[in-house]
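Q: Below is a structure I'd like to ask you about.
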Amino acid sequence: MSREDHLEASPDRVRVGVLTISDTRTQESDTSGQYLLNELKTQGHEVTAYLIVRDDALEIRSALNILMRQSQVILSSGGTGITGRDVTIPVVEGLLTKPMPGFGELFRMLSYAQVKGAAMLSRAVGGLANQTLIFAMPGSQNAVQTAWEGLLRDELTHLVFEMTRHAQPLVPALPAPHETTESAASDEGPRVVPPVL
């Protein structure tokens, strides 16, 4: 099939979970998450859930496992830098069954045009985790907008088409170490925020 045939065969809409990783953001202050929700609505996609969790490996993994059960794509923002609290990337990489190095490479290329050498600080990553595509982006709205407009918006349905036509048998997502329920290990668990569309 040609690329044009692939695009024509791609679904019109996909199921997307939005995850924000931050110790401080709320629904009102999460400009990156709200940007993604608005863009997904504009493109006609279905938002399965919108979660906000702290920069904590167990909470992040728990939220990703929840979203993987209902989403074809997960878009996460936050926790991709190099500080001690930035633990998103090792958690995501631990779930990926087929990494897509090109996502991070192209994101940093686009970022370099905007922020020059500071682009190297981003460890943005993407790939396939069983039957869900995960794209982990930096937390700033500018970075999320760069990834969305430059990489994801026009390829999202094509990526899902490619994933589903070559789908392998589903391997259940594993719980995080010491995780006893679907909620996060903290007392509060993930802050589940209904999407405002």
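Any read-out appearing in this document is the output of simple, stated calculations on the displayed coordinates, not a laboratory observation. Since we're looking at a predicted model, the values are computed, not measured. So basically every Cβ, Gly included, is an ideal-geometry build from the backbone, and we count neighbours across all protein chains shown.
Q: Kindly put Phe161, Phe107 in sequence by how many other C-beta atoms sit within 10 Å of each C-beta, fewest to most.
A: Taking fewest neighbouring Cβ atoms as first place, the list is Phe161, Phe107.
Q: For the residue pair Leu121 and Asp23, what label-to-label distance in nm results when each label sits 7 Å from Cα along the Cα-to-beta-carbon direction?
A: 1.6 nm
Q: Give me, ordered by chain and number, the residues 5 or more places off Asn130 or on other chains with an amide H under 5 Å from its own placed amide H.
A: Residues meeting the amide H criterion: Thr97, Lys98.
Q: If I take every Cα pair under 8 Å that is 6 or more residues apart in segment 65-128, average their sequence separation and divide by the length, what percent do I get for the relative contact order?
A: 35 percent
Q: P(r) of segment 1-152 in 5 Å steps, Cα pairs, percent per bin?
A: 2, 10, 20, 23, 23, 14, 6, 2, 1, 0
Q: Report the Cα centroid-to-centroid distance between segment 133-166 and segment 61-90 in angstrom, as an integer.
A: Answer, in whole Å: 14.
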